[in-house]
Amino acid sequence: MKIEFKNVNFNYDNDVVFSNLNLEIKEGEFVGLVGNNGTGKSTIIKLIAGIVKAKSGEIFNDFHSVGYLSQVNINKRNSFSANVREIVSLGLKKKPFSFMTKKDYQKVDDILHKMGIYELRNKRLDELSGGQQEKVRFAEVILSNPDLILLDEPTTGIDEVSKQEIKNILKSLLKEKKTIVMVSHMQEDFPEGCRFIDLDKEEK
Amino acid sequence: MALVYILNPLDAFSYSFFVRGFVVLILLSLILPVIGIRLAGKGFSMISDTLSHTSLAGIALGLVIGILPVWTSIIFSLISAFLIEIIRRKLPKHQDLALTIILAFSLGLVGILSQFAPSSNFESYLFGSPFSLKTTDLIILSVVVVVGLIYEVLFYRSNMALSYDENECKANKMPVIFLSFLDTAITSIIIAVASNMIGSLLVASFISIPVAAGLKISHSSKGSHLASVIISLISSIIGLFIAYTFSLHVGGIIVMTNILGLIICFISSSINAKKCN
C-alpha cells in the first residue's frame, strides 16, 4: 500500500498553495510534513484523507482505512453532549445502523486504560485540558485501527507534559510500524526515525 | 381585567380536546429535545428558530391559498433547510448570516401573507393551541414522530460522529453529504409539522430549553438525551394542567414551565458542583 502525488496542484480561490507537487509515502513509514505557514502541510493531509479535492494532478492512495486527527477548535465543543467514553467508542462504530455491544465497550475501556485516561471517561471534552482532549482524540483514532493515520498538528497548544505523553504515543505507533503522516511546525515534536518532507524545499 | 376560570384538573381527561393536547405534547416531548441535542452538538441551535418561522410562512401561504397548511409549511421548511445547508457548506463563515436572512425573509413573508389569512386561525399557529387540534393532526404527528424516533435510533452513532468531527467521517469514507442532507430533511419536516400543531414559539422552546437543562445535569450523550426528554415531558404536562385549570394560554405557560425546569436544573447542578468541591 502507498500514497503517491503526481503533479498535484491546489489553490484556494486565487491563492496557489502548491503546484506540480510530487511525493510518495510507503507502507510502514512515519512521514513528518514540515514547512512554513501557507506551504500547504494541512492541505496535503486533507487531500490524502479525501476531505478536499486537488485542482489538477493525480493522487493515488490504496490504504483501506484512514484515521484522521484534525486541528480542532476546542470552544466549538462546549455544547457537544458526548463524554470521553462515548467519543472514544466512535473509533469502533460510527456508521448508520451500528450499535455498541458490551464487548465493544470493553475494548473502549481497554484503550482508555492504555492511554491513561480511564479516570476521565465520564467527563465531557469541554471539562478537559487541551492535552487531555488530544489524548481522547488519539484514543478514538487508534481504536479504529486504521491502515493509515493522518495527524494535523496534534501537539499544538498543549502543555509540555502532555506534549511528552503524545510523543510517547507517537513512538509506540512508530514501533508498531503504523503508516503515519503528521504535520507540525516544530521538528522536535516528531519521534526519532521519522522521514521529513520539507515543503519549503519541494517544487512550488 | 380578564376573568380567570378555575377548573378541576381531574375533570380534564373527560374532554377529548384535552386528551388530544396531552398526547400531542407527549409525542413532541419525545422527539423535539432529541433533535435539539443534535443541533446543539453541531453548534446550530438557531436553525430550529429559523425553520419554525419559515414553517409559519408556509402555514400563512396554505391558509391564504386554501391548502392544508401542514403541506405548505413542510415544503417551505424543506426549501429553507436545504438553502441553509448549502450556504453552510459553500460559505461556512456566513452560516449565522444565512439563518438571519432566511428568518427575516420568512417573517417578512408572514407579515404580508397574514394580512390575507383568516386572523383567528393564524394566531394559534404562532403561539400554539394544543387544545384546538383535530384527530387528523394527531395521526399526521404520530407518523412523523415514530419515523423520527426510528431515524434517531438507527442513525444515533453516525449523527454523533458527524457532530464530533465531520472531516474525520469524510476520511472514513462515510457518505457525509448524504447523511447531512437526510438529517436536514428529517429535522425540517418534524419542525414544520410540530409548528403546525403547537405553534412556532413552542417548537423553538421545546428544541432549546430542555436541551440546555439536560446538558447541564448530565455528562453523557445518552444521559443528556434522556434528561432533556424527561424535563420536557414533566414541564409540558405540568404546564398543560396549569393552563387548563386556570384557563391560561397553553403555549405561553409551557414555555414558562420549561424555563422553570431549566432554572431548577441549573441550581441543582451548581449545588452538586459545590458538594463535589
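Show the residue pairs that are 6+ apart or on different chains and have beta-carbon atoms under 7 Å apart, the first residue being within segment B:36-62 and more than 24 Å from B:ILE231 (Cβ to Cβ), the second being basic (Lys, Arg) and surrounded by 24 or more Cβ atoms within 10 Å (Cβ to Cβ).
As it stands, the answer is none, since no pair meets every condition given.
Within segment A:160-204, can you find the residues that are touching a Leu at 6+ places or on another chain (Cβ under 7 Å) and either among the β-branched types (Val, Ile, Thr) or part of a helix (DSSP H, G or I) (or both)?
A:THR179, A:ILE180, A:VAL181, A:VAL183, A:ILE197 - these are the residues of segment A:160-204 that are touching a Leu at 6+ places or on another chain (Cβ under 7 Å) and either among the β-branched types (Val, Ile, Thr) or part of a helix (DSSP H, G or I) (or both).
One line per residue, one yes/no per condition, for (1) within 13 Å of chain A (Cβ to nearest Cβ); (2) of a type outside the set (Val, Ile, Thr); (3) out of contact with any Lys or Arg (no Cβ under 8 Å at 6 or more places or on another chain):
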site: B:GLU166; (1), (2), (3): yes, yes, yes
site: B:GLY199; (1), (2), (3): no, yes, yes
site: B:VAL211; (1), (2), (3): yes, no, yes
site: B:GLY214; (1), (2), (3): yes, yes, yes
site: B:ILE234; (1), (2), (3): no, no, yes
site: B:LEU240; (1), (2), (3): no, yes, yes
site: B:TYR244; (1), (2), (3): no, yes, yes
site: B:VAL250; (1), (2), (3): no, no, yes
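Which of (1) of a type outside the set (D, E, K, R); (2) more than 12 Å from chain A (Cβ to nearest Cβ); (3) without any contact (Cβ under 8 Å) to a residue 24 or more places away in the chain does B:LEU154 not meet, given it meets every other one?
Going through the list (1) of a type outside the set (D, E, K, R); (2) more than 12 Å from chain A (Cβ to nearest Cβ); (3) without any contact (Cβ under 8 Å) to a residue 24 or more places away in the chain, B:LEU154 breaks only (2).
In the set B:ALA98, B:ALA104, which member is without any contact (Cβ under 8 Å) to a residue 12 or more places away in the chain and not charged (D, E, K, R)?
After ruling out the rest, the residue left standing is B:ALA104.
How about segment A:66-88: which of its residues are more than 7 Å from chain B (Cβ to nearest Cβ) and either modelled with pLDDT under 90 or under 19 Å from B:LYS173 (Cβ atoms) (or both)?
Our first condition is that a residue be more than 7 Å from chain B (Cβ to nearest Cβ); within segment A:66-88, this holds for A:67, A:69, A:71-75, A:77-78, A:84-85, A:88.
Result: A:GLY67, A:LEU69, A:GLN71, A:VAL72, A:ASN73, A:ILE74, A:ASN75, A:ARG77, A:ASN78.
Do we have B:ALA57 as hydrophobic (A, V, I, L, M, F, W, C), assigned to a helix (DSSP H, G or I), at pLDDT below 90 and buried (at least 17 other Cβ atoms within 10 Å of the Cβ) here?
Working: hydrophobic (A, V, I, L, M, F, W, C): yes; assigned to a helix (DSSP H, G or I): yes; at pLDDT below 90: no; buried (at least 17 other Cβ atoms within 10 Å of the Cβ): yes.
Considered against the rule, which asks whether it is hydrophobic (A, V, I, L, M, F, W, C), assigned to a helix (DSSP H, G or I), at pLDDT below 90 and buried (at least 17 other Cβ atoms within 10 Å of the Cβ), B:ALA57 comes out as no.
Kindly establish whether B:ILE67 is within 21 Å of B:LEU202 (Cβ to Cβ) and surrounded by fewer than 24 Cβ atoms within 10 Å (Cβ to Cβ).
Taking the combined requirement at face value, the residue does not satisfy it.
Here's a check for you: in segment A:51-62, which residue that is outside any strand (DSSP E or B) and touching a residue at least 12 places away in the same chain (Cβ under 8 Å) is nearest to the other protein chains (Cβ to nearest Cβ)?
Here the answer is A:ILE51.
Go through (1) more than 21 Å from A:THR156 (Cβ to Cβ); (2) in contact (Cβ under 8 Å) with a residue 12 or more places away in the chain; (3) buried (at least 18 other Cβ atoms within 10 Å of the Cβ) for A:LEU128 and report which single condition fails.
Condition not satisfied by A:LEU128: (1).
How about segment B:217-229: which of its residues are surrounded by fewer than 17 Cβ atoms within 10 Å (Cβ to Cβ) and either more than 8 Å from every other protein chain (Cβ to nearest Cβ) or closer than 21 Å to B:VAL250 by Cβ (or both)?
Matches in segment B:217-229: B:LEU226 only.
Determine if segment A:102-111 includes at least one residue that is modelled with pLDDT under 95, touching a helix residue (DSSP H, G or I) at 6+ places or on another chain (Cβ under 6 Å) and buried (at least 17 other Cβ atoms within 10 Å of the Cβ).
Narrowing segment A:102-111 to residues modelled with pLDDT under 95: none.
Within segment A:102-111 (the criterion being modelled with pLDDT under 95, touching a helix residue (DSSP H, G or I) at 6+ places or on another chain (Cβ under 6 Å) and buried (at least 17 other Cβ atoms within 10 Å of the Cβ)), the answer is no, since none of the residues qualifies.
Somewhere in segment A:114-122, is a residue more than 19 Å from the chain's Cα centre (by Cα), in contact (Cβ under 8 Å) with a residue 24 or more places away in the chain and surrounded by 16 or more Cβ atoms within 10 Å (Cβ to Cβ)?
Yes, the conditions are met somewhere in segment A:114-122.
So the check is Cβ under 6 Å with 6+ separation or different chains; which pairs have a first residue in segment B:196-207 that's on the phi > 0 side of the Ramachandran plot and a second one that's not charged (D, E, K, R)?
Listed by first residue and then by second, the contacts come to B:GLY199/B:TYR125; B:GLY199/B:LEU126; B:GLY199/B:PHE127; B:GLY199/B:GLY128; B:GLY199/B:GLY251.
Among B:TYR164, B:TYR151, which is the only one that is among the aromatic types (Phe, Trp, Tyr), in contact with a helix residue (DSSP H, G or I) (Cβ under 7 Å, 6 or more places away or on another chain), crowded, with 18+ Cβ neighbours inside 10 Å and at pLDDT below 95?
Numbers: B:TYR151 fails: at pLDDT below 95.
Result of the check over B:TYR164, B:TYR151: B:TYR164.
Within segment B:139-243, considering only helices (runs of 4 or more DSSP H) that don't extend past its boundaries, which have at least 3 residues that are within 15 Å of the chain's Cα centre (by Cα)?
It comes to B:176-198, B:200-217.
For residues that are surrounded by 12 or more Cβ atoms within 10 Å (Cβ to Cβ) and free of Cβ contacts under 8 Å to residues at least 12 places away in the same chain, tally how many sit in segment B:113-146.
Selection size over segment B:113-146: 2.
Restricting the first residue to segment A:77-98 and requiring it to be under 12 Å from A:ASN122 (Cβ atoms), which pairs with a second residue that is of a type in the set (A, V, I, L, M) and not in a helix (DSSP H, G or I) meet a Cβ separation below 7 Å and a spacing of at least six or different chains?
Qualifying pairs under 7 Å: A:VAL84/A:ILE117.
The values are calculated or read from the model by the stated rules, or taken from the named source; none is laboratory data. Computed from a predicted structure; not experimentally measured. Positions of Cβ are generated from backbone atoms using ideal geometry, with glycine treated the same way; all protein chains shown enter the neighbour counts.
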